[in-house]
Amino acid sequence: MSAASAFGIITFSIIGVCIWMRITGSKLNHPDHPPVVTLSDHDLFERPLESYTRALEQNGPVIAVKRKGLMEIIIAEKFAAQVITDDANFSFEQGTAKILNIQFVQRMSGGMFLKKVDNMINELVTRRLDSLISQISPIFQRKASELENSASPEMPLDLHKYAKDGLAEATLLAVFGRGFISNSNLEIIIQTAEAIAELTGMYQNQSMFARSFPSAWRMATFVKIMLVRILFQFGTTMGLAIWSEMSRVLEHDNLNVVEKEDVSLLVLLVRRYRSRDGALSISSRLWIIALLISAVFASVHQTVTVMVWALFELALRPDSQDLIHKEIISMMGKDASNSKGLGIHPQVIRDANVTDSFIREAMRMKGDTLGLVRRTTKDVPLGGVVIPKGYPVFPIVSLSNRSPTYSGESANEFDGLRWVDNKPAAMSGPGFLTFGLGRWACPGRFLAIAEIKMLIFTFLMNIKVEVVGNSYTVIDKLNVTSVPPKGYLKLRRRD
Ligand code: HEM
């Protein structure tokens, strides 16, 4: 067979599979299925929150809407908490694996991948939060002090890059250890987090090809990211270094050592997966690498996005900046600038109520729509209709976050002090779904909030910020959860 005919067969097969997926993906196999509502691309991508809200108001609390060729079930606020926490009927793992394009990884691990990642973050990250804050806060302090030295209103700051660089370094330290910190590894970490973000479809809304041919896009992206970026680019650089570090740990680490607080996640995983005689099989090594990559992705991407949102919102509100600055000085002392490089005490991070409240409010109000997903495991009756088995179900997160039931009559207004001495930013609830809810609520939320606080504390210690042009641009209105807004900050030193 010639190369041309092989290429033709492959192309036709891909087109055939895409057409088949479009047809089967848009059919609702139940006579009492939810009403199907058609929303235009403009409705979906330019004003998603308004469009979904109106569609629910006009057609009932459970509707079906086709997006990117696939039928999705959209539910109103009154069913959100029920659906997110009812894992027997609405599966987190099936829904998330599908939406993140990682069904293959989930299947290869016998359905255990997401559970193991969850377990790793809970046991080896969240439980060591104080130690992690002590380790990584000096990084944020150093970056802020470099920034102060160069701060001038004439030099606008690309906040996304600043936050990404800081968090990538913090992640390198916490996940792989101090020996891994280098400019080239920072670059690899950032690229890998970006590659996985692409694999999970986070930038899909911005590509015409991806919006028009979602199945073909998914296949092409899977091959590009898994083979080129992960196996080749990551595997031949940091992958090899991680392999050697695992061998070094096996050789030098005392098997009976009491868990030291400031060790990296890599060391902790080697200790967890090595056999009684101190060996680590090839499959365990590959498994550890997969876990580490997922920790990097989970740690960097969403947190950077929220850092950017929170700082833009602060930059638009000089009064809130002054209140937070007061909190910083009251907690770190007037000589706050002298403590640079020594880290921030974990208790300070825990007690920073004003900053915490502002972060929760920025997350509550940023306009999330399809930030959470579940998948029906059987035909499920809900709100007078039946959602057929195998469909993705999305609550509209902002409808819960901005509901007067949970946030009072002023629920639609931004109030940075709303949560002071009330609900902490890391606390999920039916009126705050930004971190999910129930058994599968984000296990990294305590670290994420601590990191955002470290960024704000170090950033605002000696600097005042304004947004250039007094506004920023929301790049992807349908995915404000994972795509940060774009804009520049003007910095001034505080007198
Ligand atoms: C502000 C930053 C973050 C946001 C907004 C966020 C949000 C979320 C959301 C909405 C979910 C799905 C929950 C559900 O479906 O009920 C989730 C899951 C998850 N998050 Fe986060 N997250 C953030 C930071 C982090 C960090 C720093 C880590 C790791 C250190 C992390 C690790 C995970 C993991 C592993 C899952 C999968 C769920 C599980 O395995 O239990 N996240 N996150």
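The values are calculated or read from the model by the stated rules, or taken from the named source; none is laboratory data. Predicted model, so just to flag it, every value in this text is computed and none were measured. Backbone-built Cβ (ideal geometry, glycine too); neighbour counts: all protein chains shown.
Some points to look at:
- Those strands (runs of 3 or more DSSP E) of the range 385-495 in which 1 or more residues are closer than 25 Å to GLU93 by Cα occupy 385-387, 392-395.
- THR458 being more than 8 Å from the ligand (Cβ to nearest atom), in contact (Cβ under 8 Å) with a residue 24 or more places away in the chain, under 23 Å from ARG350 (Cβ atoms) and not hydrophobic (A, V, I, L, M, F, W, C): yes
- A single entry from GLY371, GLY367, GLY383 fulfils the requirement of being on the phi > 0 side of the Ramachandran plot, within 19 Å of the chain's Cα centre (by Cα) and either surrounded by fewer than 20 Cβ atoms within 10 Å (Cβ to Cβ) or in contact (Cβ under 8 Å) with a residue 40 or more places away in the chain (or both): GLY367.
- Scan the range 60-70 for residues that are in contact with a strand residue (DSSP E or B) (Cβ under 9 Å, 6 or more places away or on another chain) and buried (at least 20 other Cβ atoms within 10 Å of the Cβ) and the total you get is 4.
- For the range 147-170, the candidate set comprises residues that are modelled with pLDDT under 90 and part of a helix (DSSP H, G or I); within that set, the residue that is nearest to LEU292 (Cα to Cα) is LEU147.
- Extreme residue, nearest to TRP217 (Cα to Cα), among residues of the range 96-108 that are more than 10 Å from the ligand (Cβ to nearest atom) and either in a strand (DSSP E or B) or at pLDDT 90 or above (or both): ALA97
- Failed item in (1) in contact (Cβ under 8 Å) with a residue 40 or more places away in the chain; (2) more than 14 Å from the ligand (Cβ to nearest atom); (3) among the small types (Gly, Ala, Ser), with SER294 passing the rest: (2)
- The one condition from (1) more than 16 Å from the ligand (Cβ to nearest atom); (2) modelled with pLDDT of 95 or more that ARG492 does not meet is (2).
- Residue in the range 439-450 that is modelled with pLDDT under 95 and more than 12 Å from the ligand (Cβ to nearest atom) present: no
- ALA76, sole failed condition from (1) in contact with a Lys or Arg (Cβ under 9 Å, 6 or more places away or on another chain); (2) in contact (Cβ under 8 Å) with a residue 60 or more places away in the chain: (1)
- PHE414 vs. criteria within 16 Å of the ligand (Cβ to nearest atom), more than 23 Å from SER152 (Cβ to Cβ) and either of a type in the set (A, V, I, L, M, F, W, C) or surrounded by fewer than 20 Cβ atoms within 10 Å (Cβ to Cβ) (or both): no
- So GLU93, is it away from the ligand (no atom under 14 Å from the Cβ) and more than 16 Å from VAL386 (Cα to Cα): no
- Residues being touching a helix residue (DSSP H, G or I) at 6+ places or on another chain (Cβ under 8 Å) and either at pLDDT below 95 or polar (S, T, N, Q) (or both) are entirely absent from the range 54-65.
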